[in-house]
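First up is the structure itself, then whatever we jot down about it.
Only the coordinates and a few stated rules stand behind these numbers; no lab work does. Quick caveat, the model's predicted, so the values are computed rather than measured. Ideal geometry is used to build each Cβ from the backbone, glycine not excepted, and the neighbour counts take in all protein chains shown.
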Amino acid sequence: MLEEKLKEAIIGELKRQAANRPQSLKVDGSSEEELVVNGKIDLAELAMVIAGSVAGGP
């Protein structure tokens, strides 16, 4: 359960960042178990989303 929530949070945040900056980040989630990421990731935003997921946030 926790692992699934973390996966969803990470994938969702990376796809959000890619949508906001398509010229600098590309994300391909062709399967539920693998993700291909190419570009720059804002680690502060990613960490905040992961922490919120663990804490039970949206």
Next on the checklist: Let me make sure I get this right: for the chain, a, b and c are the square roots of the gyration tensor eigenvalues over alpha carbons, sorted descending. Under 1.5 in a/c it's rounded, otherwise prolate if a/b > b/c, else oblate. Which is it?
Outcome noted: oblate
Next on the checklist: Of the candidates LYS26, LYS40, LYS15, which one comes out as most mobile in a Gaussian network treatment of the chain with C-alpha springs shorter than 10 Å?
Outcome noted: LYS40
Item to check | Candidates GLU34, GLU13, GLU45: whichever shows maximal mean-square fluctuation once the chain is modelled as a Gaussian network with Cα springs under 10 Å | outcome: GLU34
Checklist entry - So, in nm, how far is label ALA51 from label GLU4 when the simple model puts each one 7 Å beyond its Cα toward the Cβ? => result 2.7 nm
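Relative contact order, percent, of the chain when contacts are C-alpha pairs under 8 Å separated by at least 6 residues?
Here the relative contact order equals 38 percent.
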Next on the checklist: Could you derive backbone 3J(HN,Hα) for the stretch 43-50 from the dihedral phi with the Karplus parameters 6.51, -1.76 and 1.60 (θ = phi - 60°), listing whole Hz in sequence and x where the residue is Gly or Pro?
Outcome noted: 5, 4, 5, 5, 4, 5, 5, 5
Item to check | Point-charge dipole on Cβ atoms (K/R +1, D/E -1) for the stretch 2-55, about Cα centre, debye to 20 | outcome: 320 debye
Checklist outcome for this item: Total charge of the residues flanking GLU32 in space, meaning their Cβ is under 11 Å from its Cβ, with Lys and Arg +1 and Asp and Glu -1, is -3
